[in-house]
Amino acid sequence: MADSSPATLITLPELVRLQADARALKLPSVKPVRARQAGLRQSRQKGRGMTFSEVRQYQPGDDIRSIDWRVTARRQAPHTKLYEEERERPVLLIVDLGPTLFFASAGAYKQVRGAQVAALLAWLALWAGDQVGGLVFNDRDLAVLRPARRRKSVLRLLDHLANHQHQGKTPPPPATDSSHGLDTALAEARRVTHTGSRVFIISDFMNITEQTTTLLGAMSRHNSVSAIRIQDPLEKALPSSGRFAVAGPDGPIWFDASNPRFQQAWQGKIDAHEQRLADCFRASGVASATLSTGEDPAKALRLLLGPGGRIG
């Protein structure tokens, strides 16, 4: 790696610092919602829970053990205590730090932006009372961290993000059945994910296959799954003219955007990949959103997160 600036290198102190940016996101306040609607927020469910909520007049079906006898005697009518139960919903962050994310023409490397988004989501989930876990992978390694509701667990996840980033001086291994990649990570995620989890997949999705669609579909049938795509501006369109360089794993890569044949070939590859990716997300039932390497991750995430922390 020729550069070790914050734009190219994932560091643990920076990921820890992002907890301040996460607090500033100010997600919608907690309000009563059905369990299936809970996201990166607490959900409230009336019942025999942990915290007293209110007293109301007894209704058929109420547990008689919850009758408030003092209020009943005072008001001369049966009244029931209601309780507020904080429901924990596991949040799983699947983070791709493979070689294709060791790239940027603007802003920060894709792997840096992906790690920043994962850190922001991890802090948000922890403060919402959710369990936080993750799968962090590159082309050589895959680390699995089972969900837990502890700050220490989030810090372990952030440490793995810093330690698993792709290094440009290390060539990728030859493609084999044992090579790690998105499909391998998704298959492992299916094994460790509890039904009803909130799953965020953070990747550039440059190497999707038919198996990717199958794995995503299987996961989304039992969980709420969102894909956050990290994209560089050059992966949308080339500048109309000029010769320019972008950062690559082995140094600068030069392009001549003035060449019409090169422009046409490049755009054709972009369009074909965009169609494959759109078909993959549609067929698997996965919500998706895109974050550019040139965007501030906290500001972009504020726009991506809908009510309850759901994308879209």
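Restricted to the stretch 63-101, and to residues there that are buried (at least 23 other Cβ atoms within 10 Å of the Cβ) and part of a loop (DSSP other than H, G, I, E, B), the residue that is modelled with the lowest pLDDT is R89. Scanning the stretch 277-291 for residues that are in contact (Cβ under 8 Å) with a residue 40 or more places away in the chain and closer than 19 Å to I202 by Cβ turns up L277, C280, F281, S284, G285, V286, A287, S288, A289, T290, L291.
Exactly one residue out of A108, A115 is part of a loop (DSSP other than H, G, I, E, B), under 16 Å from L15 (Cα atoms) and assigned by TED's automatic domain parsing to the domain that holds R149, and it is A108. When the stretch 99-137 is filtered for residues that are of a type in the set (S, T, N, Q) and within 11 Å of S203 (Cα to Cα), the ones remaining, listed by number, are T100, Q111.
Scanning the stretch 128-156 for residues that are without any contact (Cβ under 8 Å) to a residue 40 or more places away in the chain, under 18 Å from V199 (Cβ atoms), over 14 Å from the mean Cα position of the chain (by Cα) and not in a strand (DSSP E or B) returns a single hit, S153.
The values are calculated or read from the model by the stated rules, or taken from the named source; none is laboratory data. Bear in mind that the values here come from a model prediction, so they are computed numbers and not experimental data. Because the Cβ atoms are built from the backbone with ideal geometry, glycine has one as well, and the counts that use them run over all protein chains shown.
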